[in-house]
Amino acid sequence: MLALLTHWWSLITVALKAHSRCPHHQFDERALCLPRLLPAILTAAETAAIIEATEAAAAKRNYTSSRHTYYATVDLPVSTVYADGGAQAAAAKRAVHKARNATIDDLIHRCGATDPVLHDGFVIKYSTSRQAGLEQHGDGGRYSATVALRRPRLSGVNVPDYASLEPQTCELRKRGFANETCNAAFPERTFSREHFSPEYPLLTYDEFCPLSCLGQSCDEVEPHLRTKCDCGVCASTLTTRENDAYDFDGGGTRFSSLRDVVFSPEMGGAVVHGARLKHGGEDVTSGDRFVLAFFFDEALCQAAEKGAT
């Protein structure tokens, strides 16, 4: 009886703490953390170990496309990679943990996370023969990250010219119609085809560019440019570049919530962002793109949700 009472009291304590500290993830402002590129969190040898272990595990278990109900990817969970990854399984596990820890550091220092925990980690394989990309969506939990495991042809951040153009808003949006993009007359603005909501919003250019400087904070910009910390300035230091040696063409993470800005990390680099920002994988046009994906939540919030089920 004492053990049962202790268990119930622990659940009540967690619930009380969560009530004040854990708004639903679809309303948590931390889940709107702007994207940032984290360069070189893994070495070439470490990314190769993850791919080799994943392919070895897939030879035994096959890639799955049924783990995620609404936005499925061709993937394997990292637990399967560790168990069936053969000679590179241990090295792959160390590399995944290294990437996870680097991502958590960024979430704490930049996104306001207090105790982020991994609730899903998996390796995705994009290819022209099976799944080339992934449609726009928001993630579960509060934070997300993807680590590039192969070399892209284009890397960096691409801001389409129209991201800063009018109309940024219109009468319907001012009246509270969150799904109205005000850009129906501009079919080339891809984000205008998406459905937005207060939970998964469309931001104006001024809401994300001056704050993020395309993934940089102002203290990372050259000192003489800090007073002009906006997209126009930071684009000169963080632009898309073409790589001579590459493993795949296409790809990258497009954020429709950020008016189609595309983040493409170098091999071993990551893009880290809030889960409420609508995003998706751009289609691969040649080669195979391997991505290590992480979904994070706050430990307290996750414990409260588990206790409620």
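Quick look at the numbers
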item: Burial ranking of peptide ranges 187-199, 133-145, 113-125 (average Cβ count within 10 Å, highest at the top); result: 133-145, 113-125, 187-199
item: Size of charge dipole - segment 23-113 - debye, nearest 20, with Cβ of Lys, Arg +1 and Asp, Glu -1, no other charges; result: 120
item: Projected label distance in nm at R175 and A83, using a 7 Å step from Cα toward the beta-carbon; result: 5.5
item: All-pairs Cα distance distribution in segment 28-87, expressed in whole percent, bin size 10 Å; result: 20, 32, 35, 13, 0
item: Under 5 Å, built H, 5+ apart or other chain: amide partners of D260; result: F255
item: Charge sum, other residues only, whose C-beta stays under 12 Å from S192's C-beta, Lys/Arg counted +1 and Asp/Glu -1; result: -1
item: For L38, distant residues with modelled amide H under 5 Å away; result: A270, V271, V272
item: Largest-first principal axis extents of the Cα set of segment 44-147 (Å); result: 40, 31, 21
item: ³J(HN,Hα) computed for each position of segment 95-102 - Karplus, 6.51 cos²θ - 1.76 cosθ + 1.60, integer Hz, glycine/proline x; result: 5, 4, 5, 4, 5, 4, 5, 5
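Where a number appears in this text, it was derived from the coordinates with a stated rule and is not lab data. Predicted model only: the values in this text are computed from it and were never measured. Glycine gets a Cβ as well: all are built from the backbone with ideal geometry, and neighbour counts include every protein chain shown.
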